[in-house]
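A short worksheet on the structure shown next.
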Amino acid sequence: MSVIQNVSIGLSEEQAMLLDVARGFVRDQAPIEVVRSHLETETGYDAAIWQSMVEMGWAGIALPDTVGGAGMGVGSAVPVFEALGSGLLGTPLLSTTLAGQLIWRAAGESAADWLGRLCGGSVATVALLDQADWGAANLGVALNADGTLSGAKHYVSDAGVADIFVAVANEGGAPVLAIVERDALSEAAIAPNTLIDLTKRAANVDFSGVVPAQVLRGESVASALRDTLLLGALFTAAETAGAADKCLRSITEYLKTRKQFGKLIGSYQALKHPTVDIYVGMENARSFVYHGATVVGDEALSVDAEVACRMAKVSADDVMVYAGDRSVQFHGGFGFTWECDSTLFIRRAQWAQQMYGGALHHRKRLASLLLDNR
Amino acid sequence: MSDNKAALSAFRKEVAAWMGENVPADPGFLLPLTFLEVGTEQQLDFLREWQHKLWSAGYLGMHWPSEYGGQGTDPAYQYIVDKELGKHNAPIIFNTIGLNWVGPLLLDMGTDEEKAKYVKNILSGEEIWCQGFSEPDHGSDLGAVQTRAVRDGDDYVVNGSKIWTTLGNYADHMILLARTNTNTERKYDGLSFFLSPMKIEGVEAHPIRKVTGEYGFNQTFFTDARIPASCLMGEEGGGWTVAMKTLEYERGVTAGQASGHWGVTIQIDDMIDELAQLEHDGEPLLSDPVVRDDLVSFVMEAKALSLSGRRMAIPALNSDYPMGLALSVKYRGTEYERRMKQYTASKQGAQSALYVGDANAVRGGFWQRAYFSNFGATIGGGTTQVQANIVAEHVLGLPK
């Protein structure tokens, strides 16, 4: 068996159409000026755009139709996230999609009520991190014998607008999922983070004293959590690949119009060749992302799927960090200013590269997956 | 399973069985790693016989028309043969310039007479082809070709010199790009394309020794060589278009090649298998965290290349940069292989310093030789740097 393993890429007609539709939606509804107008607002996005996305069925894009989702397979979220990334459009879709996956994978159709609410547009998010480490057990919040939670979670995406929190908690050493509604939390329990990417939002959330609306227990919780983190890596990679393409287009546009020393700067190989490397890296990231979309399924993720998700994340992070960094540099003095979109790209790169584990996290695990079972 | 799938699967079995019986054993002398390194008569005779055997069995140029020596099948059949050649570590199919560039070019743009005259002998190995594009002063800048061809009666008289002529000392014919007019506004319009004989008076090929220590390249000198005017392919002054089409076949941008087995196939698994035999600090090399991390990068590169091959077949996933994946294959693939071979050659402790010929060299110095040999791929057919310009200009639309 080759170390390359599975290299399948397939896209259903529905998914290909979705990619077109989603790209068109982002282009029409969320040009960069609209994104910029929300950089310093409280929620970071336009409620009307989110509402349109919900109406198109995107809130349940990754969920089966038996619980109100689109029923197109979990991989169908990939084209949507790529399109969102290509417009740097925030919105709580990533948080909601992953919270939906975590609940679905832990409880299946028995959680249809929660999942139905998500598909209908209730914002949900996973509260995972105790501290900064995506690779830690993250069981610092306890579910006590009296049914209350104690402890806080950090860097919870979209916590400020979430209606439903899925908190990973510790019950006698085992992971459980505590579902908490927003109205069970006080105003003071949510302390916003100052994120590097102004299109994104997150907060620390103190769950102390809160009684969850429901607790999901059992053996399925650990594997649901593992798979949700892998899907988080894949969906973030899709979004990042889209953003890298947007960044590449911004660079090439500038290289085609800006003159220095009497020549278009795009004719200089010192700028041209690194731009080609961004292009190649972006295409690689997209190949991994599409491959990931092909091999993930509604059932527990296979080893092939795990490898695909991790490679997608590493590949997308690498190219986005490079693209954002070079975008600032290649735009010269203008690139260093707030006005230049390079600001958005380099900030997105630095945000994305840690989400659901950075390159170090995934490469270490890939080394074992690829080399230790030959 | 569809009928087609069943047929291909049966064919794969048939070919595998044939290979099992017919792939020649190690001849006891060094065989070239690629078609760029055929340097001795002994190698030539051996490889010519092997190619003839493969063609006689009906396994070469399978998708070429039967009237010109092919089988008229779907290209999928040749792809299967090539895969099996790789799997069986078969010697290379060496007449590559004929099989992969000239043959497809003739089938595409040649006259019926040209096809009838040349194509079958390319497949059988009876006639060997070489390419006369690059010149000593003009490697990457083909438009600047200086070799002159002057019409004189029924002949053209050729003077000048070509370089990096792979197989030039053995070849029967050359695809020759020469200047027939020095007074054109655009330098490209003065070029003509010839199917030129090699074994005539006034043509001499001088072998050039390479960084590998082996031969295979030549410098070819033309001194008042008279070639018949009937050797002109296309119009006089129309050579640039034909040459560019040839490069499409050479770079694999356009399909139609008779066999992809022009070099020893080295996979990522070969690399890992080799490294798995080695030690570092008294421990298995593959337990070293730095090496493990490096290998993750190599595997990802190899996998990304395979994935992009799959993606090319799905237009919906290429809609925004339609030619991008195809035009960047050479840029990515050849550089990945160069670094992969250098890496493997350099992780052998003191044995890293040994070369082909030393009894203690790891796998006979295979990786060291393969690394050096790989420059043929990163330089030939347009250097990596020229490839980057092509992607920049044709895919991203950046200015020249």
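The values are calculated or read from the model by the stated rules, or taken from the named source; none is laboratory data. It should be emphasised that the depicted structure is a prediction, and the values quoted were computed from it without experimental measurement. Glycine also receives a Cβ, built like all others from the backbone with ideal geometry; neighbour counts cover every protein chain displayed.
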(Q) Going by what's in this entry, would residue B:86 be described as farther than 22 Å from residue B:378 by Cβ, touching a residue at least 60 places away in the same chain (Cβ under 8 Å) and not in a strand (DSSP E or B)? (A) no
If we ask which residues in region B:369-400 are within 20 Å of residue A:256 (Cα to Cα) and either away from chain A (no Cβ under 14 Å) or in contact with a strand residue (DSSP E or B) (Cβ under 7 Å, 6 or more places away or on another chain) (or both), their number turns out to be 1
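Residues checked against (1) farther than 17 Å from residue A:228 by Cα; (2) in a loop (DSSP other than H, G, I, E, B):
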position: A:125; (1), (2): no, no
position: A:132; (1), (2): yes, yes
position: A:135; (1), (2): no, yes
position: A:139; (1), (2): no, yes
position: A:146; (1), (2): yes, yes
position: A:159; (1), (2): yes, yes
position: A:168; (1), (2): no, no
position: A:198; (1), (2): yes, yes
position: A:204; (1), (2): yes, no
Restricting attention to region B:233-278, the residues that are within 14 Å of chain A (Cβ to nearest Cβ) and among the acidic types (Asp, Glu) number exactly 4
ask   = Going by the structure shown, is residue B:366 more than 10 Å from chain A (Cβ to nearest Cβ) and in a helix (DSSP H, G or I)?
value = yes
Scanning region B:260-269 residue by residue, those crowded, with 18+ Cβ neighbours inside 10 Å and out of contact with any Ser or Thr (no Cβ under 8 Å at 6 or more places or on another chain) turn out to be B:260, B:261, B:266
Note on residue B:172: of the conditions (1) without any contact (Cβ under 8 Å) to a residue 60 or more places away in the chain; (2) surrounded by fewer than 16 Cβ atoms within 10 Å (Cβ to Cβ); (3) over 16 Å from residue B:138 (Cβ atoms), unmet is (2)
Restricted to region A:282-306 and to residues being of a type in the set (D, E, K, R) and over 28 Å from residue A:331 (Cβ atoms), the residue nearest to the other protein chains (Cβ to nearest Cβ) is A:304
In region A:253-284, anything within 17 Å of residue B:324 (Cβ to Cβ) and of a type in the set (A, V, I, L, M, F, W, C) is listed as A:255, A:276, A:278, A:280, A:282
Picking from B:329, B:356, B:296, B:290, the residue that is among the hydrophobic types (A, V, I, L, M, F, W, C), farther than 30 Å from residue A:12 by Cβ and surrounded by 17 or more Cβ atoms within 10 Å (Cβ to Cβ) would be B:296
Result of the Cβ filter at 9 Å on region B:209-228, keeping first residues that are assigned by TED's automatic domain parsing to the domain that holds residue B:150 and part of a loop (DSSP other than H, G, I, E, B) and partners that are of a type in the set (Asp, Glu) and surrounded by 16 or more Cβ atoms within 10 Å (Cβ to Cβ), at least 6 apart or interchain, is B:210/B:37; B:212/B:37; B:214/B:37; B:215/B:37; B:216/B:37
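Conditions (1) within 11 Å of another protein chain (Cβ to nearest Cβ); (2) within 28 Å of residue A:325 (Cβ to Cβ), marked per residue:
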| position | (1), (2) |
| --- | --- |
| A:189 | no, no |
| A:213 | no, no |
| A:219 | no, no |
| A:232 | no, yes |
| A:246 | no, yes |
| A:254 | yes, yes |
| A:263 | yes, yes |
| A:272 | yes, yes |
| A:280 | yes, yes |
When restricted to B:67, B:21, the only residue modelled with pLDDT of 95 or more and loosely packed, with under 12 Cβ neighbours inside 10 Å is B:21
Okay, helices (runs of 4 or more DSSP H) sitting entirely in region B:238-315 with 3 or more residues that are closer than 30 Å to residue B:133 by Cβ and of a type in the set (D, E, K, R), I get B:239-250
Matching residues in region B:302-325 (more than 8 Å from chain A (Cβ to nearest Cβ) and crowded, with 19+ Cβ neighbours inside 10 Å) number 1
For helices (runs of 4 or more DSSP H) lying entirely in region A:307-374, having 1 or more residues that are within 24 Å of residue A:154 (Cβ to Cβ), away from every other protein chain (no Cβ under 14 Å) and not acidic (Asp, Glu) picks out A:342-352
Per the filter on region B:270-287, residues more than 27 Å from the chain's Cα centre (by Cα) and either farther than 30 Å from residue B:79 by Cα or surrounded by fewer than 17 Cβ atoms within 10 Å (Cβ to Cβ) (or both) are B:276, B:277, B:278, B:279, B:280, B:281, B:282, B:283, B:284, B:285, B:286, B:287
Checking B:156, B:77 in turn, the sole residue that is part of a strand (DSSP E or B), more than 15 Å from residue B:246 (Cβ to Cβ) and touching a helix residue (DSSP H, G or I) at 6+ places or on another chain (Cβ under 9 Å) turns out to be B:156
Would you be able to say whether some residue in region B:195-203 is within 20 Å of the chain's Cα centre (by Cα) and either of a type in the set (Phe, Trp, Tyr) or more than 21 Å from residue B:125 (Cβ to Cβ) (or both)?
no
Looking across region B:321-362 at residues that are polar (S, T, N, Q) and part of a helix (DSSP H, G or I), the single one that is nearest to residue B:376 (Cα to Cα) is B:334
Scanning region B:183-200 for residues that are over 15 Å from residue B:241 (Cα atoms), in a loop (DSSP other than H, G, I, E, B) and out of contact with any Lys or Arg (no Cβ under 8 Å at 6 or more places or on another chain) gives B:183, B:184, B:185, B:198, B:199
Worksheet item: Could you say whether any residue in region B:181-203 is out of contact with any Gly (no Cβ under 9 Å at 6 or more places or on another chain) and at pLDDT below 95?
Response: yes
Residues in region A:17-41 that are more than 20 Å from the chain's Cα centre (by Cα) and closer than 16 Å to residue A:158 by Cα total 2
